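This report refers to the structure that appears directly beneath it.
The values are calculated or read from the model by the stated rules, or taken from the named source; none is laboratory data. Just so it is clear, the structure is predicted and the values come from calculations on it, not from any experiment. Glycine also receives a Cβ, built like all others from the backbone with ideal geometry; neighbour counts cover every protein chain displayed. The area values use the complete protein model at the heavy-atom level, side chains included, leaving out ligands, DNA and RNA. Shrake-Rupley method; radii C 1.70, N 1.55, O 1.52, S 1.80 Å.
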Amino acid sequence: MAAKAEGRPRPLKVEAITSCVEVGFGDALRRLKLDVLGTDDSPIPITGYYTPCTHAKVSGLFRLCPESLVPSSVNSFGSRNNCPVMGTLINTNNMRGFQNLDMAHLLREEAKKILHDIMSGKIEGDPSLLLRFLVISFADLKNWKIYYNVAFPSIVFNSRMTLLSLHSASQVLSQEEATSLSKSLKEWRSSNETTVLPFFLVDISSNSSATIRQLKDLKDCQDSNQKLLFGFYDHGCHQDYPGWALRNYITFLNLRWKIEKVRFFCYREKRGGLDLQKSLIGESLFSAPNGWDDPDYVPEAIGWEGEKPGDERKEKKLKEINLESMNPASQDEEKQLMHLKLMGWRHFPVDLDKLSRVRCLLLGAGTLGCEVARLLMTWGVRKLAVVDGGCVAMPDLVKQSLYIDKDCGVPRAAAIVPRLKERCPAVEVEGIQMEIPMPGNPISSNKIASVLDDCKRLQTLVASSDVVFLLTDTWESRWLPTLLCANENKIAITAALGYDSYLVMRHGAGPGTRSGAMDNMISHIQNLCMEDALGRERLGCCFCSDTASIVNSVSSGILHPQCTTTLPGLTSIASGKAVELFARILHHQDGIHAPGDIAGMDTEHQLGLLPHQMLGSLPKCVLSTVIGNSSSSCTACSNAVLSEYRRGGLDFIVQVINHPSYLKDLTGISNLVKSDLKLPASFPSYPVKPGKLSSVRCLLLGAGTLGCDVARILMDYGVRKLTVVDSGRVVVSNLARQSLYTSDDRDIPKATAILKHLEERCPSVEAKGVEMEIPMPGHPVSSSEADGVLEDCKRLQELVATHDAVFLLTDTRESRWLPTLLCANENKIAITAALGYDSYLAMRHGAGPGTNSEGSNVVAATDKLSARDVLGRQRLGCYFCNDVIAPVDSVSNRTLDQQCTVTRPGLASIASGHAADLFTRMLNHQDGIHAPGDIAGMNTERPLGLLPHQIRGSLSQYNLLTLLGYSSSNCTACSNAVLSEYRSRGLDFVMQVINEPTYLEDLTGLTNLMKLADYSQVEWVDELDDDELAEI
């Protein structure tokens, strides 16, 4: 139906623009945020694509597509129906930031830019600026959703725009004018230079000839005999009113060119050409108000998509792009790698391509092999080969983290493959069942062919790998791999366990060759030098020197490499450090040739120091970094041994296997394997009675990365009564990091899923799962939520009261407050494990207070609390004792990398090992929770060694600190003031803290303390606590 002329002037009404935000745009924004922008939430320029109406009943859409995020300097995308328009994107770091945006202010600012472009003349050169748009968004990377709103700002003045007339173009133009106009527009639309310009001039001469000109050519259209129309691509399809673009167009014509009465032409298409019936020609009237040209003038604006007049104060409904349906297989892999990408936001840009390509060979699929393989996947390694000659046994299920009861009797090399793939489907893993030939294990004539095949196979495996992990359980099984790695110049990493100590080291590079006129083959065999290929002194291997080798580690009582009887937490600690050492050397510019660092050295590398060797002891609470250079008498990597191997090949290896003393003569040392390498007659006695461990009731708050590891290690120690509390569900991004879950557990509550996996590894365990949220300060509850939160509080009270030890492994700082308070009140053992990016904390909380009163027990319990515990000793502090502010919401206003588990992947294993070991030492101590805190360096005669209060470690500095801190009278969780108030008011007090966390600061005196600090001009350093863990 053709447009009709109105009998009288009326206010101008226009059809709003509708955006079409493609899923591809959302995915491109997700990638841009994750890979490029990081924490930067500054506005960025983007490009939208505008099109005229091309269908009689469907309006044209404003497209946002993947090309929208390509910088305009390299973005050549654009066509007749995709006119590029510049806009602004504001992508916030969190949902609260998105919700707190002042949308009216942002819209006015964009309108102000349009006004500036009008007055500066910029519009004449680039008329698409009249269509400037604004997108505000929040890319929820965790849940693969994009929330957004779009605005097309239109300047609003006090004076109205009036529509004087509006007709179909076919009613206004003569046949000759229409024919000429159609031809000119076809030429305009066919030119790459002009088709993308959405505003133009229509110059119709007195002889009915129509010419299309750019806006900058207005001076050429000043003939009074000409008919001048101001044309634009109209996206709308309605015949009763034009499209949205007309408003800013009229404003421009009035303010810039002083034209009050405008004859406009709304161009609409049909089959690629002018649609005379749908296109409109009209006339409008507008006079700008006084004062608009004041430099400080800020125009009003409208234009939020979907907003109607009067809706300005209403909350805007969010639009959403759900990306979860896009390529689920590759999406799962991206989810698993997200934490590594998030590391680049503030810390270190991980080379994911390098990690995904590196080929890792793991020799050993037992206790160390399982943990190392899983952690390598967490680091992004996707090519693994695992060698092992043994089978899965029932006693090993709690030690070897990947296997379950149905794997018993299955070769480990076969069983490990599906266990890895069910955690990371993208991993390429090959299991090789074979024994590693070893010196000192002579072979009979009927087995020599099989052993030679094993040697050849190992040669091939080492040669085709980039990194080799030596994780076998005997000393001699490491010899041949060490020799082959030195010969092939391959990165080799050794992890070895003693009963209560460990060694983690990287082997040095193989030897270079001295230059000379020798034949290359002869030089390759005989002309080896003491330096590596870069001319640097070679670092040693695990056989090299008395001060660093496993031989002397054993003789000095540090390690028992042939023995797999170790303290249960030791494997996790050593595995975590081995994988972190691998990641560090892989990211070093010199790779295998990198020199060794010592703790305390300065380094500018974002991953910190790169040590040669790390020696750790759990009873002494020490970690030493050692450098040892390659020995000329080494039985595995010396030039003498390598030359002989290159000369004799497998004949040399067979001779060493059958006659290990041959190496002694070859290298000039008196002993190959000293007599004190043999297993001692008896192992150190384990002082904790099994009955005590099996009967202790442990409550684990958190079933994520830390919770899985701690639960498994506790079972290995002999704990059989476990209750696990968690409110989350298993998600694919955590399958490699949270050691117990598999892809079959996806979307299942963690408190439910973990029970099956604990029982698969230890059928005798009595495990319970509790799905619940832990009430937290700074997370106010509405009246409708209050009853549910009170029930959670009561349930947690009961859980703490009925357990002997509580592990605080939750994902936010504030979620630890109520459990800490309850443990102090009930005098329960509390162990906290928390992670930063490259540092960790494992600590035990001090005992609750004693009383000073001899009166009523109720009064004493409430009002007469002592500063000391019931044994009269000064109380050790809790997790909150050093805080100067109350715990509050630590998630909502933070960026994703702060909310999520952005930690170096080996860190959780290390912290979990220390936390479980700390608990066992405390349980073994005669004073239990009242035991004083020890410091590294102290002497003790206790079988399990020192019992520290806090253990803090750093992977970048490779230090291990034992700290001692006493309970603070201003503590927001365990101070007498807080405990007295809790005992007096009960859950009313807890609910007040949940809704008003600053109440704790008033109650404990922190408010006054801060005021005094201000008066004294003391500068408090309110650091963001990085010892916090959250789950992606």
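Worth a mention:
- In this structure, Arg697 and Val23 have a Cβ-Cβ separation that, at R0 = 35 Å, corresponds to a calculated FRET efficiency of about 0.10.
- Both radii come from the Cα set of the chain: Rg as radius of gyration, Rh as Kirkwood radius; their ratio Rg/Rh reads 1.10.
- The long axis of helix 367-378 is offset from the longest Cα principal axis of the chain by roughly 10 degrees.
- Whole-percent pair-distance distribution, where bins are 10 Å wide, for the alpha carbons of the range 815-972: 10, 34, 34, 16, 5, 0
- Reachable lysines, given that their alpha-carbon falls under 22 Å from the alpha-carbon of Lys399 and they are not under 8 places away in the same chain: Lys421, Lys577, Lys689, Lys692, Lys721, Lys750, Lys756, Lys768
- Counting every alpha-carbon pair across the range 126-181, the share separated by more than 18 Å comes to 69%.
- Here the Karplus curve 6.51 cos²θ - 1.76 cosθ + 1.60, taken at θ = phi - 60°, turns the phi angles of the range 438-452 into couplings of 9, x, x, 10, x, 10, 7, 5, 7, 10, 4, 5, 5, 5, 4 Hz, with x standing for Gly and Pro.
- Heavy-atom accessible area per residue - the chain, 1.4 Å, Å²: 40
- Contour excess over end-to-end distance, with Cα ends at Asp351 and Glu766 and 0.36 nm allotted per residue: 145.1 nm
- For the range 72-123, taking the reciprocal of the average inverse distance between every pair of different Cα atoms yields a Kirkwood hydrodynamic radius of 13.8 Å.
- Couplings for the range 500-510, taken from phi via the Karplus curve 6.51 cos²θ - 1.76 cosθ + 1.60 with θ = phi - 60°, read 9, 8, 8, 10, 10, 8, 10, 7, x, 5, x Hz in order; Gly and Pro are left as x.
- Calculated mean residue ellipticity at 222 nm for the chain: -9500 deg cm²/dmol, from DSSP H runs with n ≥ 4 weighted as -39500 (n - 2.57), summed, divided by the residue count and rounded to 500.
- Label-zone membership for the range 42-67, site Leu101, 7 angstrom Cα→C-beta point, backbone N under 20 Å: 42-50, 62-67
- Cross-link partners of Lys270 among lysines (Cα-Cα below 17 Å; sequence separation of 8 or more within a chain): Lys57, Lys183, Lys186, Lys278
- Over the range 159-292, relative contact order from alpha-carbon pairs under 8 Å, at least 6 apart, %: 34
- The simple Förster model, with R0 at 45 Å and r as the Cβ-Cβ distance, assigns Thr179 and Tyr297 a FRET efficiency of 0.50.
- Extension gain for the segment Asn290 to Glu193, taken as residue separation times 0.36 nm less the Cα-Cα distance, is 31.1 nm to one decimal.
- For Glu766, residues with placed amide H under 5 Å, excluding near neighbours: Lys721, Leu722
- The mean sequence distance of close C-alpha pairs (under 8 Å, at least 6 residues apart), as a share of the length of the chain, puts its relative contact order at 9 percent.
- Backbone amide hydrogens, once placed in the peptide plane, bring Asn629 within less than 5 Å of Gly540, excluding anything fewer than 5 places away on its chain.
- Highest mean packing comes first when the peptides 187-199, 949-961 are listed by Cβ atoms within 10 Å, giving 949-961, 187-199.
- Over the range 10-157, the fraction of Cα-Cα pairs per 5 Å bin, rounded to whole percents and listed from the shortest bin up, is 2, 8, 17, 21, 20, 16, 9, 4, 1, 0, 0.
- Apportionment of accessible area to carbon and sulfur, the range 10-157, percent (1.4 Å): 53
- The mean sequence separation of alpha-carbon pairs under 8 Å and at least six residues apart, normalised by the residue count of the range 729-810, gives a relative contact order of 19 percent.
- Helix 103-120 axis, angle to the chain major axis (alpha carbon atoms, nearest 10°): 60
- Between Leu452 and Lys270, residue separation times 0.36 nm minus the direct Cα-Cα distance comes to 57.6 nm.
- Of all aspartates and glutamates in the structure, the ones whose alpha carbon falls short of 16 Å from that of Lys216, not counting any fewer than 8 places away in one chain, are Asp117, Glu124, Asp126, Glu193, Asp203.
- Rounded FRET efficiency, nearest 0.05, which uses the C-beta distance separating Asn143 from Leu963 and R0 of 51 Å: 0.85
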